[in-house]
Amino acid sequence: MIRKASCCCGKCTIDVDGEPAFNAVCHCRNCKKRTGSAFGWSTYFADGQIGSRPAGISIYEVGGSNPQQRWFCTNCGSTLFWKAANLPAHTGVAGGCFADDPVGPPSVTVSNDGRCAWVGLPGDWRTSL
Ligand SMILES: [Zn+2]
Ligand SMILES: [Zn+2]
């Protein structure tokens, strides 16, 4: 099954084939700032599941302990997808960018030290990838 993730304005889209290898929420500082929200929703697909990269998209390089290249729409600013050093064979796609073509629910919660106290999550989720 092919799903399409798209940015806020719809200019940039990326196709993925099949289900994510990892479907997680992340409470790290980087994900909070990236999304402007309490946590990030990160779906990871094997690179072979990812279609061609869209035009009209720029890269933001993130340093630190887990360097990333993050692709965002130059028109609306949405982060659409990224490559992170800790998962070199996978591509992360922002879970919320599947809003029009939904992906399944997450089953993993990571960087739990940064979790906002008011965020409640199901008790049966794994706590690492
Ligand atoms: Zn856009
Ligand atoms: Zn994170």
> If the Cβ limit is 8 Å and pairs must be 6+ apart or interchain, which residue in the range 78-92 that is farther than 16 Å from SER37 by Cβ pairs with which residue that is within 12 Å of ligand 2 (Cβ to nearest atom) and assigned to a loop (DSSP other than H, G, I, E, B)?
Replying inline: ALA84/ASN66; ALA85/ASN66; ASN86/ASN66; LEU87/LEU129
> Does any residue of the range 87-110 turn out to be among the polar types (S, T, N, Q), exposed (fewer than 14 other Cβ atoms within 10 Å of the Cβ) and on the phi < 0 side of the Ramachandran plot?
Replying inline: no
> Applying the selection to the range 1-39, what residues are within 16 Å of ligand 2 (Cβ to nearest atom) and not hydrophobic (A, V, I, L, M, F, W, C)?
Replying inline: PRO20, ASN23, HIS27, ARG29, ASN30, LYS32, LYS33, ARG34, THR35, GLY36, SER37
> Do you know which of the residues in the range 42-76 that are among the small types (Gly, Ala, Ser), in contact (Cβ under 8 Å) with a residue 24 or more places away in the chain and in a strand (DSSP E or B) is nearest to CYS26 (Cα to Cα)?
Replying inline: SER42
> Can GLY114 be described as touching a Cys at 6+ places or on another chain (Cβ under 6 Å) and surrounded by 15 or more Cβ atoms within 10 Å (Cβ to Cβ)?
Replying inline: yes
> In the range 7-39, what residues are under 22 Å from ASP101 (Cβ atoms), surrounded by fewer than 17 Cβ atoms within 10 Å (Cβ to Cβ) and among the hydrophobic types (A, V, I, L, M, F, W, C)?
Replying inline: CYS8, CYS9, ALA21
> How many residues, within the range 93-117, are farther than 27 Å from GLY48 by Cα and in contact (Cβ under 8 Å) with a residue 60 or more places away in the chain?
Replying inline: 5
>> Name the residue that is farthest from LEU121 (Cα to Cα), counting only residues in the range 77-95 that are within 14 Å of ligand 2 (Cβ to nearest atom), outside any strand (DSSP E or B) and of a type outside the set (A, V, I, L, M).
In response: ASN86
>> Is it the case, given these coordinates, that TYR60 is surrounded by fewer than 16 Cβ atoms within 10 Å (Cβ to Cβ) and either over 13 Å from the mean Cα position of the chain (by Cα) or closer than 15 Å to PRO20 by Cα (or both)?
In response: yes
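Values quoted throughout were computed directly from the atomic coordinates according to the rules given, and no laboratory measurement underlies them. Here the structure is a predicted model, which means the values were calculated and not measured. Note: ideal-geometry Cβ built from the backbone for every residue, glycine included; neighbour counts use all protein chains shown.
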